[in-house]
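Structure first, commentary second.
The values are calculated or read from the model by the stated rules, or taken from the named source; none is laboratory data. On a predicted model such as this, the values are computed, not experimentally measured, just so you know. Here the Cβ positions follow ideal geometry from the backbone for every residue, glycine too, while neighbour counts run over all protein chains shown. These area figures cover heavy atoms from the full protein model, side chains too; ligands, DNA and RNA do not enter into them. Shrake-Rupley method; radii C 1.70, N 1.55, O 1.52, S 1.80 Å.
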Amino acid sequence: MTELANLLGLSIYDPVFWMPLACMAAFFLLVLMGAILDGFDLGVALLLPFAGEHRDRMVGLLGPWRNVNEFWLLLGVVFFMAVFPKAWAFIFGVLYWPMIAIALGVLLRNIAYEFRLRSAGWLRRCWTTLFFTGSLSMVLGQGWVLGKFAVNFQDEPGYELFVLFIALSVVALYALLGALWLVMRVSASQGSLQEMAIKWARRTTRLGATGLFALMAALGFSNTGIFYKWALFDTLGIVLPGWLLMLSLFVMIEILLRHAHKNDWLGRLPFILLLLVIVLVVAGFAYSYFPFLVYDELSLWDSIDSVTTMRLLVGCMAFVLPVMLVYFSWVYGDIFDKLR
């Protein structure tokens, strides 16, 4: 950090140096929380077309957290726009259509969920379909964004096909997260829903893992600087074990799914292991891109607009984040429990 500060002509104690770092750490925390807490919501919604008689029950299981889950994406986008406006302008200009897909998905799924609660019969089935459609639009948009970042925004036909593959893999990963949450949440004695969720999880594990490793490989091979950052002797001892750990976690998830119906802890473990995979992926992206927000274009310090605005946001963040974490710990306190 000292060397980086010297390159920028700053001191590590200078607020202009450490405030963007603090804001970036807070943003990645929001990304992580959104991927996990809104992720299982999206994952369950993606499984609705295959749920048959369990469709209403699956939507009902989301009830305690449905409105809270909407908070993460909105907060993350607003926070990023306020802290790094120059990076947001570049990213939104390049990724206009996936951002539109995400926004339309958010709007559609929230409207569909609320109207579904007040409908019955064929109209309820219609709103359920629209809830699934909005969720799919959101997830495809997020996968599109990830794929574009991985290939450094290149738009040749081969890269576009790869981005499509990444988007479909992200759909599989969210479906896996939703299925594992259902495995953990529902008891085997409460019907066939847990058995169906185990089947869904086993079908999506390998596709999700393949897409995730393809994403990380593209991130390195499409960006020479990131590849060298990974391949240095000093960092290879961190990067290689991280890849092996993610592969081992996916293997363990698939093995544990065969025994998930036997007791509560075996039902919880696959979900917890996938959460660890998500943490590793977010950490890997942060490490690979640092200190850039747009690789070789805009660093953290190039992306800020006003130091005064940054000071205000850091002050608000220091107050709000602890309160927010305590509140959401209480709201999501029983997310790992079986439904009684």
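Side notes on the structure shown:
- Taken together, the residues in region 295-311 that are without any contact (Cβ under 8 Å) to a residue 24 or more places away in the chain and in a helix (DSSP H, G or I) amount to 1.
- Answer residue from region 84-128, given it is polar (S, T, N, Q) and touching a residue at least 40 places away in the same chain (Cβ under 8 Å) and is least open to solvent (accessible area, probe 1.4 Å) among those: T128
- Qualifying residue in region 31-47 (condition: more than 26 Å from G284 (Cα to Cα), not in a helix (DSSP H, G or I) and not basic (K, R)): yes
- Residue list for region 161-182, restricted to those being more than 13 Å from the chain's Cα centre (by Cα) and either of a type in the set (A, V, I, L, M) or at positive phi (or both): L161, V163, L164, I166, L168, A179, L180, L182
- Residues in region 267-312 that are closer than 30 Å to V186 by Cβ and either among the β-branched types (V, I, T) or open to solvent by 40 Å² or more (accessible area, probe 1.4 Å) (or both): L269, I272, L276, V277, I278, V279, L280, V281, V282.
One line per residue, one yes/no per condition, for (1) part of a helix (DSSP H, G or I); (2) among the basic types (K, R):
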| position | (1), (2) |
| --- | --- |
| K262 | no, yes |
| I272 | yes, no |
| L293 | no, no |
| L313 | yes, no |
| C316 | yes, no |
| V323 | yes, no |
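- For the criterion of being within 22 Å of E254 (Cα to Cα) and open to solvent by 20 Å² or more (accessible area, probe 1.4 Å), E156 fails.
- Scanning region 187-198 for residues that are among the acidic types (D, E) and farther than 30 Å from F221 by Cβ turns up at least one hit.
- Residue list for region 38-76, filter: under 14 Å from M138 (Cβ atoms) and open to solvent by 50 Å² or more (accessible area, probe 1.4 Å): E70, L73, L74
- Figure legend. Inter-residue proximity from region 259-280: first residues touching a residue at least 12 places away in the same chain (Cβ under 8 Å), second residues open to solvent by less than 60 Å² (accessible area, probe 1.4 Å) and in a loop (DSSP other than H, G, I, E, B), beta-carbon distance below 6 Å, spacing 6+ or different chains. Indicated pairs: D264/K338; G267/A260.
- Unmet criterion (only one of (1) modelled with pLDDT of 85 or more; (2) in contact with a helix residue (DSSP H, G or I) (Cβ under 9 Å, 6 or more places away or on another chain); (3) surrounded by fewer than 22 Cβ atoms within 10 Å (Cβ to Cβ)) for Q142: (3)
- Whichever residue in region 129-139 is of a type in the set (V, I, T) and surrounded by fewer than 22 Cβ atoms within 10 Å (Cβ to Cβ) and, among such residues, is modelled with the highest pLDDT: T133
- Single residue of region 217-260 satisfying the filter (assigned to a helix (DSSP H, G or I) and among the polar types (S, T, N, Q)) that is least open to solvent (accessible area, probe 1.4 Å): T235
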